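To start, the structure itself, in structure tokens.
The values are calculated or read from the model by the stated rules, or taken from the named source; none is laboratory data. All of these numbers come straight from a predicted model, not from anything done at the bench. Here the Cβ positions follow ideal geometry from the backbone for every residue, glycine too, while neighbour counts run over all protein chains shown. Accessible surface is based on the protein model in full, side chains and every heavy atom, while ligands, DNA and RNA are left aside. Shrake-Rupley method; radii C 1.70, N 1.55, O 1.52, S 1.80 Å.
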Amino acid sequence: ALDDPVAAAARLAGVDADVARALLRDDPARGDPALPAIRDALIAAGAAECWHKHSSFSDHLLGTHRIAALWGLPRDVRLCALLHSAFSNSFVNLALWPPDNEGRAAVRSLAGRLPAGPAAGPVDLGL
């Protein structure tokens, strides 16, 4: 008998199959209850209004987070995936926040919403 492909892939990545299925069904709160608030902040900052590659910038950021989660990467890495390019980068000019103290504080606030590992402390991104 064939195994459920989502369950098989989740098992290989060390991810709970129900969480993997929720991520694939665009239900990120099932895997991390803090994620909807961060998604809302990205959208409020204009990420849904910026075209990036084949969809919106918010879709790109959330998709990058989804990939990191499905690969079973640690929460701090998933957070970096979610917030990468928040200040723009050398390839695209899609800054959601300015790279100043106020912008860094905004990203730091979002980073604090996702606890890092078992200690449940904020992730220190050195911002």
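Structure data summary
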{"item": "In the stretch 82-111, the residues that are among the hydroxyl-bearing types (Ser, Thr, Tyr) and either touching a helix residue (DSSP H, G or I) at 6+ places or on another chain (Cβ under 8 Å) or modelled with pLDDT of 80 or more (or both)", "result": "85, 109"}
{"item": "Which numbered condition residue 48 misses (of (1) closer than 18 Å to residue 70 by Cα; (2) open to solvent by 30 Å² or more (accessible area, probe 1.4 Å); (3) in a helix (DSSP H, G or I); (4) of a type outside the set (Phe, Trp, Tyr))", "result": "(1)"}
{"item": "Any hit, the stretch 52-73, residues being part of a loop (DSSP other than H, G, I, E, B), open to solvent by 20 Å² or more (accessible area, probe 1.4 Å) and of a type in the set (Ser, Thr, Tyr)", "result": "no"}
